[in-house]
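Below: the structure, in structure tokens.
The values are calculated or read from the model by the stated rules, or taken from the named source; none is laboratory data. In this text the structure is predicted, and so the values were computed from the model without any measurement. Cβ atoms come from the backbone with ideal geometry, glycine included; neighbour counts cover every protein chain shown. What goes into the accessible areas is simple: the full protein's heavy atoms, side chains included, and nothing from ligands, DNA or RNA. Shrake-Rupley method; radii C 1.70, N 1.55, O 1.52, S 1.80 Å.
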Amino acid sequence: MTAMTAMTMDQLSNGRFILGLGTSGPQVVEGWHGKPFYKTLTWMREYITIVREILAREKPLTFDGVHYQLPFRGERSTGQGKPLKSILHGDPTLPIYTGSMAPKSQAMSAELADGCLLTCMHPEHPKVLM
């Protein structure tokens, strides 16, 4: 889901929208998206940072990360990309939840996100999350 879609859904739901983000798994990422599945914590950290900057609309977006470079200037770039600022006015406090299964991912969720979707939490072993 893109930040623009999240802003639209937030408007349509009268501010009740929660953006859920996750990296999925290697089978889906490599088999369906055609991307390498590596450095998933870095990947998620960068994406959350980018989405928050888009929602804040403080300045045209630039980002120089491991997974994302904005504007894109890599192989096959036309060189025409430029820093953009959304024309939509999003809510910079839009809640972002992550789908986090591993302890390091859950810790990062506590640091960067507003909540964590515990899709694989075993109710008899809550200490893993505590």
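Checking each residue in segment 96-121 for being open to solvent by less than 40 Å² (accessible area, probe 1.4 Å) and not hydrophobic (A, V, I, L, M, F, W, C) picks out Thr98, Gly99, Ser100, Ser105, Gln106, Ser109, Gly115. For segment 90-113, the set of residues classified as part of a loop (DSSP other than H, G, I, E, B) and in contact (Cβ under 8 Å) with a residue 60 or more places away in the chain consists of Gly90, Asp91, Leu94, Pro95, Ser100, Ala113, listed by residue number.
If you filter segment 45-66 down to residues that are among the aliphatic types (A, V, I, L, M) and touching a Ser or Thr at 6+ places or on another chain (Cβ under 6 Å), you find that the one that is modelled with the lowest pLDDT is Val66. Which of the residues spanning segment 47-78 are without any contact (Cβ under 8 Å) to a residue 24 or more places away in the chain and aliphatic (A, V, I, L, M)? Once the filter is applied, which keeps residues that are without any contact (Cβ under 8 Å) to a residue 24 or more places away in the chain and aliphatic (A, V, I, L, M), segment 47-78 yields only Leu70. For segment 10-36, which residues satisfy the criterion of being open to solvent by 80 Å² or more (accessible area, probe 1.4 Å) and either under 16 Å from the mean Cα position of the chain (by Cα) or under 25 Å from Ser86 (Cβ atoms) (or both)? Of everything in segment 10-36, those that are open to solvent by 80 Å² or more (accessible area, probe 1.4 Å) and either under 16 Å from the mean Cα position of the chain (by Cα) or under 25 Å from Ser86 (Cβ atoms) (or both) turn out to be Gln11, Leu12, Asn14, Arg16, Ile18, His33, Lys35.
For segment 1-24, the set of residues classified as touching a helix residue (DSSP H, G or I) at 6+ places or on another chain (Cβ under 9 Å), of a type outside the set (Val, Ile, Thr) and within 16 Å of Ser105 (Cβ to Cβ) consists of Leu21, Gly22, Ser24, listed by residue number.
Of all the numbered requirements in (1) under 18 Å from Asp114 (Cα atoms); (2) loosely packed, with under 11 Cβ neighbours inside 10 Å, Ile50 misses one, and that requirement is (2).
Within segment 54-75, if we keep just the residues that are touching a strand residue (DSSP E or B) at 6+ places or on another chain (Cβ under 9 Å) and open to solvent by 60 Å² or more (accessible area, probe 1.4 Å), the residue that is nearest to Thr23 (Cα to Cα) turns out to be Asp64. Phe37 passes every criterion in (1) modelled with pLDDT under 95; (2) out of contact with any strand residue (DSSP E or B) (no Cβ under 8 Å at 6 or more places or on another chain); (3) under 18 Å from Asp114 (Cα atoms) apart from (3). Considering every residue within segment 77-92, establish whether at least one is at pLDDT 95 or above, surrounded by 15 or more Cβ atoms within 10 Å (Cβ to Cβ) and in contact with a Leu (Cβ under 9 Å, 6 or more places away or on another chain). Checked segment 77-92: no residue is at pLDDT 95 or above, surrounded by 15 or more Cβ atoms within 10 Å (Cβ to Cβ) and in contact with a Leu (Cβ under 9 Å, 6 or more places away or on another chain). Among the residues of segment 37-46, those that are surrounded by 13 or more Cβ atoms within 10 Å (Cβ to Cβ) and either without any contact (Cβ under 8 Å) to a residue 24 or more places away in the chain or among the hydrophobic types (A, V, I, L, M, F, W, C) (or both) comprise Phe37, Leu41, Trp43, Met44, Glu46.
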